[in-house]
Amino acid sequence: MGSQADHARHWREVQRRKRGHTLIFCAGLAAATLWSAWMSDVNLSKLFGNIGNFFGYFDRILTLDSGPAMGRRVWTAPGEWLWGLDKWLPLLADTLLMAYLGTLLGALGALALCFAPARNLTPNPWARVAARRFLEFCRTVPEIVFALIFVVAFGLGPMAGVLAIAVHTAGALGKQFSEVVENIDMKPVEGLMASGAARWPTIRFAVIPQILSNVVSYCLMRFEINVRGASVMGFVGAGGIGQDLIEAIRKFYYADVSALLLLIVLCVCVIDFLSEKLRHALLGREAHA
Amino acid sequence: MTIPSAPGAMRLTHADAASIARMRARHPEAFHAPPLRRAAPYLIVALATALAVFALWRFEFSPVRLATGLARLGDMAVLMVPPWPGGLAQAWTVVKVLGETVAIAFLGTLLATAFAFPVAFLAARNTTFSGVARFLTRRGLDGVRGVDMLIWALLWINVVGLGPFAGVLAVMTSDFGALGKLFSEAIEAADRKPVEGVASTGGSHWRQVRFGVLPQVLPVIAGQALYFFESNTRSSAIIGIVGAGGIGLYLSEQIRMFEWQGVAFAIILILIAVAIIDRISGVLRAAIINGGVQKL
């Protein structure tokens, strides 16, 4: 039995060890910070010397730089500012459509692949590891890199962008789906297997009904992410509104930059809002059922 | 999804005609769903398919294009073997820009966490000091999040010039929006009871946050920051495409010059780096979660 002094000593010991851990952690963090600051050429004097440029840039993109209203704030002459709306809105719709098709194709791919890496449905470890590595490859290589390669293979245009989004989405959703599959209730699966059902009927009737609502919810979330991703596909020539944006930035059409950014941010916000409402409605129905 | 319990199911199998009629009377919607509700799933699928077909037509997908593209991809894959940039000096350059990429991701995530941490308390319902401040911070975070990292990189290049520092600032800005939102959600999900405990002993608002909320959210926040470090290693591999440092510039140059061996080498290095960081952050996350449990 430990006396009071023993307890006190033990407590001090624990505290000392904890302080030691904290110290090691802080030292490691400081070393990593210094190393990365050195690697990435951090130059604070340049940052603070030119920080005016950052706000100055916003000042310039919010000022009309040509036409009769030159020099005025953009919102005083919305017609002048959003002159390209007839061209930009279809491009924005294209961007959304790219995100939609990419998400759909990617989700179908993910759905086809997500049962192989799941521990509870695939007893063969080699098949599991192979499927897992493949999904990892698809989601680790950034979609812009896929887009760069696909632009060479399939030609310039939205098709390359859609395929790039689809491949990346298949990797990301495949992992999330397979985690959902690993967490299902196994009783319906056992029931079907006991009655002699083959693999696909088992998945169709025992697994799909359990994962469907989560799958839809993850798809909606991925669609939100893909709208953002599709908005920059044009940077590498893979379609959507990004092409016009990077041209406006590179050619210093300041007012156009702010107009395009406004359209993209508004669109992303609306999509986020709608998809959040939809997801909550889905999960709410699930909770009631 | 609830599965009927075994005894109930047993009773149903032995139900006589009368009890089935009773069931029908008690749960009419289970036996005769309104036609519109029954048709809804088919309608949704039909609409989704129609939209997909329209998109396929609009983006000029065709079997021929797909087949030629895939054949060309196959050719590229053959040309990628063996993955090697052409010489030791080039290989060392790739390793160096990969290090730069990891550094950009690390510093960007660290700064984003540092800035998002205090702002998240303003954006969370239970810790903010006024509804107006909460609304403004939330909308501000939404706006920052709506702009892609590549666009932020282009904006920061205007300030600090081409190079990895612009990349750090871009990662920082775009993650600031995302982490601020996630952190504030974690704070809102915190248990009220410790806060009430501190309040009942006369603790000020500041003390309630410090001793009631902070110990609960710290492990969550650390876990999310680690997760973002991991995903930022992937995304900072691309900001070099617009000139903001890292392996992206090398990668896009190699692709544009059709140097497929160099492309494969860079992609494999990125995969290895991400796998290593994934492992480390997994271990750290587990340690943090266990540490949090021990503290409780």
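When A:Ile203, A:Ile184 are screened for being touching a residue at least 60 places away in the same chain (Cβ under 8 Å) and assigned to a loop (DSSP other than H, G, I, E, B), only A:Ile184 passes. Against the numbered list (1) open to solvent by 60 Å² or more (accessible area, probe 1.4 Å); (2) part of a helix (DSSP H, G or I); (3) away from every other protein chain (no Cβ under 11 Å), A:Met70 comes up short only at (2). Just a yes or no: is a residue in region A:219-226 part of a helix (DSSP H, G or I), open to solvent by 50 Å² or more (accessible area, probe 1.4 Å), out of contact with any helix residue (DSSP H, G or I) (no Cβ under 9 Å at 6 or more places or on another chain) and under 30 Å from A:Thr95 (Cβ atoms)? Scanning region A:219-226, I find no residue that is part of a helix (DSSP H, G or I), open to solvent by 50 Å² or more (accessible area, probe 1.4 Å), out of contact with any helix residue (DSSP H, G or I) (no Cβ under 9 Å at 6 or more places or on another chain) and under 30 Å from A:Thr95 (Cβ atoms), so the answer is no.
Residue by residue, here is whether (1) open to solvent by 50 Å² or more (accessible area, probe 1.4 Å); (2) within 14 Å of another protein chain (Cβ to nearest Cβ); (3) under 19 Å from the mean Cα position of the chain (by Cα) holds:
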{"residue": "A:Pro117", "(1), (2), (3)": "no, no, no"}
{"residue": "A:Glu136", "(1), (2), (3)": "yes, yes, yes"}
{"residue": "A:Glu143", "(1), (2), (3)": "no, yes, yes"}
{"residue": "A:Gly155", "(1), (2), (3)": "no, yes, no"}
{"residue": "A:Met159", "(1), (2), (3)": "no, yes, no"}
{"residue": "A:Ala164", "(1), (2), (3)": "no, yes, yes"}
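Screening A:Ala238, A:Ala230, A:Ala194, A:Ala206 for residues that are aliphatic (A, V, I, L, M) and open to solvent by 60 Å² or more (accessible area, probe 1.4 Å) leaves exactly one candidate, A:Ala194. So, in region A:35-48, of the ones that are assigned to a helix (DSSP H, G or I) and facing chain B (nearest Cβ under 9 Å), which residue ends up farthest from B:Trp156 (Cα to Cα)? Among them, the one singled out is A:Trp35. Within the span defined as region B:180-203, every residue fails to be modelled with pLDDT of 85 or more and under 20 Å from B:Val102 (Cα atoms).
The residue that is least open to solvent (accessible area, probe 1.4 Å), counting only those in region B:67-112 that are free of Cβ contacts under 8 Å to residues at least 12 places away in the same chain and β-branched (Val, Ile, Thr), is B:Thr68.
State whether one or more residues within region B:31-45 are touching a helix residue (DSSP H, G or I) at 6+ places or on another chain (Cβ under 9 Å), open to solvent by less than 70 Å² (accessible area, probe 1.4 Å), in a helix (DSSP H, G or I) and free of Cβ contacts under 8 Å to residues at least 12 places away in the same chain. No, that holds for no residue. Inclusion of A:Phe235 among residues that are within 13 Å of chain B (Cβ to nearest Cβ), in a helix (DSSP H, G or I) and of a type in the set (Phe, Trp, Tyr) is warranted. When the residues of region B:223-259 are filtered to those that are facing another protein chain (nearest Cβ under 10 Å) and of a type in the set (Ser, Thr, Tyr), the one that is surrounded by the fewest Cβ atoms within 10 Å (Cβ to Cβ) is B:Ser231.
Examine region A:74-94 for a residue that is outside any helix (DSSP H, G or I), at pLDDT 80 or above and open to solvent by 60 Å² or more (accessible area, probe 1.4 Å), and state whether such a residue exists. Yes, the conditions are met somewhere in region A:74-94. Cβ-Cβ distances below 6 Å connect the following pairs, each with a first residue in region B:155-169 that is closer than 15 Å to B:Ala237 by Cα and at the interface with chain A (Cβ under 7 Å from one of its Cβ atoms), a second residue that is surrounded by fewer than 24 Cβ atoms within 10 Å (Cβ to Cβ) and at pLDDT below 90, and a separation of six or more residues or different chains: B:Gly163/A:Asp41; B:Pro164/A:Asp41; B:Phe165/A:Asp41; B:Phe165/A:Val42; B:Phe165/A:Asn43. Total residues in region A:113-130 satisfying the condition of being in a loop (DSSP other than H, G, I, E, B) and out of contact with any Asp or Glu (no Cβ under 7 Å at 6 or more places or on another chain): the figure is 8.
The values are calculated or read from the model by the stated rules, or taken from the named source; none is laboratory data. Just so it is clear, the model here is predicted, and its values are computed rather than measured. All Cβ positions, even for glycine, are placed from backbone atoms using ideal geometry, and neighbour counts span all protein chains on display. Side chains are part of the model used for accessible areas, which takes the heavy atoms of the whole protein and leaves out ligands, DNA and RNA. Shrake-Rupley method; radii C 1.70, N 1.55, O 1.52, S 1.80 Å.
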